[in-house]
Amino acid sequence: MSLAAPLAAAYAPARFAAIPRERLPALIQALPKAELHIHIEGSLEPELIFKLAQRNGVSLPYATVEALRAAYAFTDLQSFLDIYYAGASVLLQELDFFDMAWAYFERARADNVIHAELFFDPQTHTDRGVPFETVITGLHRACVQARAELGVDASLILCFLRHLSEDAAFATLEQALPWRDRFIGVGLDSSERGHPPSKFERVFARCRGLGLHVVAHAGEEGPPAYIEEALDLLKVERIDHGVRCVEDAALVQRLADSRMPLTVCPLSNVKLCVYDTMAAHSLPALLASGLCATINSDDPAYFGGYMNANWLATFEGLPALGAAEAYQLAANSFEASFVDAGQKAQWMDRLGAVFTDAAKG
Ligand code: ADE
Ligand code: ZN
């Protein structure tokens, strides 16, 4: 196994440790960051769900925005997914997918997210009769416009739903191939327990053969063995969530040695009861073990906030984290992104400038 050096190491994050904690909220707002774990369907706010339902003549089982929002009390991943898939049923036209993604990009811009890799779930839509072309065209148009008008660099990652079969994933891949240039990779999401990565070994091999990046949700609710399967069988380049790795010391060491990124989603983990409280979250331990952990929002419309809300809640709930860790987390987000080394170096310069200013006081 290769012993990879953290991108941030060359920039000596420890020199920022003296920045006082009370300056963290302003620093978090100002620092440039990449978001690598956002399900675009999870950014669909109740207000937009109602607007699209009206536009498309879809009836909802909730009378008001408030009644829908009140239903967002989750006990586990499945209790969330049931509502999340129901919310996505209002998405029918190309413009709906554009509007959803555009609303996210405006939030991303406000949070100083300068690069975003967006998950989308085509099967959630194609299984309702919405053509793949409608989905990808609307999302792609929003990505192009976000780059031009908001300065947010964006790309798409197609996720296979793991509660469906591998044959269904292969069929989705076939539908997607005419638009191969509009997404950079594939992922694996939905109900984790009982649907191990091994179920998708062949379709991931095909995707790698096509030159696609590969990532997978693993170790959110599923056991550490699912993380190992994602590494060994799917040969992923990032693990989404992965927080249950802490139950296996050898696995933590392996992830740290290989600088395998974990796209951690702190508010999601608390809302879905992976942790009882933010104070119980393993993020400080992951960073202390040398893992390339990042902060992300997962499904911000459902879990209480977008990127900066996640950052702020994380630093507020975990006093062990200070400015050096904020620098490390932002640097990790660039290190873990699917862009070239020159682009990463440019973003690291921007990040360093913000921290150097903050260190001056
Ligand atoms: N789809 C949307 N959010 C998800 C999550 N947190 N885990 C698995 N699948 C998802
Ligand atoms: Zn997710």
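If you take the residues of region 227-242 that are touching a strand residue (DSSP E or B) at 6+ places or on another chain (Cβ under 9 Å) and open to solvent by 30 Å² or more (accessible area, probe 1.4 Å), which of them is nearest to ligand 1 (Cβ to nearest atom)? Explain how you work it out, then say what you get.
Residues of region 227-242 touching a strand residue (DSSP E or B) at 6+ places or on another chain (Cβ under 9 Å): 227-231, 234-242.
Filter again for open to solvent by 30 Å² or more (accessible area, probe 1.4 Å), leaving 228-229, 235, 237.
Values: E228: 18, E229: 16, K235: 20, E237: 18 Å.
Result: E229.
Where helices (runs of 4 or more DSSP H) fall entirely within region 75-141, those with at least 2 residues that are open to solvent by 40 Å² or more (accessible area, probe 1.4 Å) and within 16 Å of ligand 1 (Cβ to nearest atom) are at 77-87. On inspection, P32 passes the criterion of being under 25 Å from I295 (Cβ atoms), more than 16 Å from ligand 1 (Cβ to nearest atom) and at pLDDT 95 or above. Evaluated against (1) more than 24 Å from A116 (Cβ to Cβ); (2) in a helix (DSSP H, G or I), C207 falls short on exactly one condition, (1). A17 meets each of the listed conditions (1) modelled with pLDDT of 95 or more; (2) surrounded by fewer than 17 Cβ atoms within 10 Å (Cβ to Cβ) apart from (1). Given the condition open to solvent by 20 Å² or more (accessible area, probe 1.4 Å), more than 15 Å from ligand 1 (Cβ to nearest atom) and part of a strand (DSSP E or B), answer yes or no: does some residue in region 243-252 qualify? Looking for residues that are open to solvent by 20 Å² or more (accessible area, probe 1.4 Å), more than 15 Å from ligand 1 (Cβ to nearest atom) and part of a strand (DSSP E or B), one finds none in region 243-252, hence no.
Does A176 count as assigned to a helix (DSSP H, G or I), within 26 Å of F80 (Cα to Cα) and away from ligand 2 (no atom under 16 Å from the Cβ)?
On the way: assigned to a helix (DSSP H, G or I): yes; within 26 Å of F80 (Cα to Cα): no; away from ligand 2 (no atom under 16 Å from the Cβ): yes.
In short, no.
Checking the conditions here, which among L267, L188, L262, L233 is away from ligand 2 (no atom under 16 Å from the Cβ) and touching a helix residue (DSSP H, G or I) at 6+ places or on another chain (Cβ under 8 Å)? Going through L267, L188, L262, L233 in turn, just one is away from ligand 2 (no atom under 16 Å from the Cβ) and touching a helix residue (DSSP H, G or I) at 6+ places or on another chain (Cβ under 8 Å): L233.
For the subset of region 270-280 comprising residues that are outside any helix (DSSP H, G or I) and within 16 Å of ligand 2 (Cβ to nearest atom), which member is surrounded by the most Cβ atoms within 10 Å (Cβ to Cβ)? Only one residue fits best here, namely L272.
Inspect region 33-45 for any residue being surrounded by fewer than 17 Cβ atoms within 10 Å (Cβ to Cβ) and more than 16 Å from ligand 2 (Cβ to nearest atom) and give the result as yes or no. Looking for residues that are surrounded by fewer than 17 Cβ atoms within 10 Å (Cβ to Cβ) and more than 16 Å from ligand 2 (Cβ to nearest atom), one finds none in region 33-45, hence no.
Before we move on, is D167 without any contact (Cβ under 8 Å) to a residue 24 or more places away in the chain and either touching a helix residue (DSSP H, G or I) at 6+ places or on another chain (Cβ under 6 Å) or closer than 25 Å to E192 by Cα (or both)? For D167, the condition - without any contact (Cβ under 8 Å) to a residue 24 or more places away in the chain and either touching a helix residue (DSSP H, G or I) at 6+ places or on another chain (Cβ under 6 Å) or closer than 25 Å to E192 by Cα (or both) - is met. Apart from one condition, G222 fits all of (1) touching a His at 6+ places or on another chain (Cβ under 9 Å); (2) part of a helix (DSSP H, G or I); the exception is (2).
To keep it simple, each residue is scored yes or no on (1) on the phi < 0 side of the Ramachandran plot; (2) touching an Asp or Glu at 6+ places or on another chain (Cβ under 9 Å); (3) assigned to a helix (DSSP H, G or I).
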site: A313; (1), (2), (3): yes, no, yes
site: L321; (1), (2), (3): yes, no, no
site: A331; (1), (2), (3): yes, no, yes
site: V339; (1), (2), (3): yes, yes, no
site: A345; (1), (2), (3): yes, no, yes
site: M348; (1), (2), (3): yes, yes, yes
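Looking at (1) of a type in the set (G, A, S); (2) surrounded by fewer than 21 Cβ atoms within 10 Å (Cβ to Cβ); (3) away from ligand 1 (no atom under 16 Å from the Cβ), which is the one condition that is false for S191? Tallying (1) of a type in the set (G, A, S); (2) surrounded by fewer than 21 Cβ atoms within 10 Å (Cβ to Cβ); (3) away from ligand 1 (no atom under 16 Å from the Cβ), S191 fails exactly one: (3). Give the residue, chosen from E45, E35, E22, that is more than 30 Å from A358 (Cβ to Cβ) and among the acidic types (D, E). Exactly one residue qualifies, and that residue is E45.
Please work out if A293 is open to solvent by less than 10 Å² (accessible area, probe 1.4 Å), more than 13 Å from ligand 2 (Cβ to nearest atom) and modelled with pLDDT of 95 or more. It is true that A293 is open to solvent by less than 10 Å² (accessible area, probe 1.4 Å), more than 13 Å from ligand 2 (Cβ to nearest atom) and modelled with pLDDT of 95 or more.
Just to be sure, is A176 buried (at least 18 other Cβ atoms within 10 Å of the Cβ) and within 16 Å of ligand 1 (Cβ to nearest atom)? Judged against the criteria, A176 is not a match.
The values are calculated or read from the model by the stated rules, or taken from the named source; none is laboratory data. Worth saying up front: this structure is predicted, and the values here are computed from it rather than measured. Every residue, glycine among them, receives a Cβ derived from its backbone with ideal geometry; neighbour counts consider all protein chains shown. With ligands, DNA and RNA removed, areas are computed over all heavy atoms of the protein, side chains included. Shrake-Rupley method; radii C 1.70, N 1.55, O 1.52, S 1.80 Å.
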